[in-house]
1. Being assigned to a loop (DSSP other than H, G, I, E, B), at pLDDT 80 or above and either outside the structural domain of Gln106 (by TED's automatic domain parsing) or farther than 30 Å from Arg102 by Cβ (or both) is true for just one of Glu70, Glu39, Glu79. Which residue is that?
2. Hey, any hits in region 21-33 for a residue that's surrounded by 10 or more Cβ atoms within 10 Å (Cβ to Cβ), under 21 Å from Ser88 (Cα atoms), of a type outside the set (D, E, K, R) and modelled with pLDDT of 80 or more?
3. Restricting to region 17-40, and then to whatever is among the hydrophobic types (A, V, I, L, M, F, W, C) and farther than 17 Å from Cys4 by Cβ, can you tell me which residue is farthest from the chain's Cα centre (by Cα)?
Amino acid sequence: MDICTPRRILAAVVHVCEATLFKRLIEFENTDSGSLTIEDFLAKADEEPVSKCLAKSGEVLCEHKDKGAEHFSHGLCEECYDNFTELSGGLEGGADPPAFQRAEKQRLDAAKRAKEAAVDEAICELHNSDFEDNIMSPGKVTVPEHT
């Protein structure tokens, strides 16, 4: 199976800029897994044991577990959960990394400048067109008579 997806679409999905995505793909290509076919990759994934650390309902697994902290959510006390949410952007969606935010801002700024330049150019062409029309067909010119 050959998957061809443009880098800009992948970058938008994984929330990293294209340069970072390209760098990570090159790094992956240089690993043992990078040379596997999709079928081999999926088979190897099925072979690997997955260690699951499932918290019992209400069990605290964070650094405060020995200090008697109360369970807040997802195995964390309230303080650790708040830190996790602030750093990661939370469990829903997540925050875009700073490099992605910068690249996205630059892309949007460049698109805005290009749009403004196109509007300015259209206005200039319109003015030039009006000016040329007036020169080519000035209309009736009246010259006052001297008496």
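1. Residue meeting the stated conditions: Glu70.
2. Yes: region 21-33 contains one or more residues that are surrounded by 10 or more Cβ atoms within 10 Å (Cβ to Cβ), under 21 Å from Ser88 (Cα atoms), of a type outside the set (D, E, K, R) and modelled with pLDDT of 80 or more.
3. Of everything passing the filter in region 17-40, Leu36 is farthest from the chain's Cα centre (by Cα).
The values are calculated or read from the model by the stated rules, or taken from the named source; none is laboratory data. Bear in mind that the values here come from a model prediction, so they are computed numbers and not experimental data. Backbone-built Cβ (ideal geometry, glycine too); neighbour counts: all protein chains shown.
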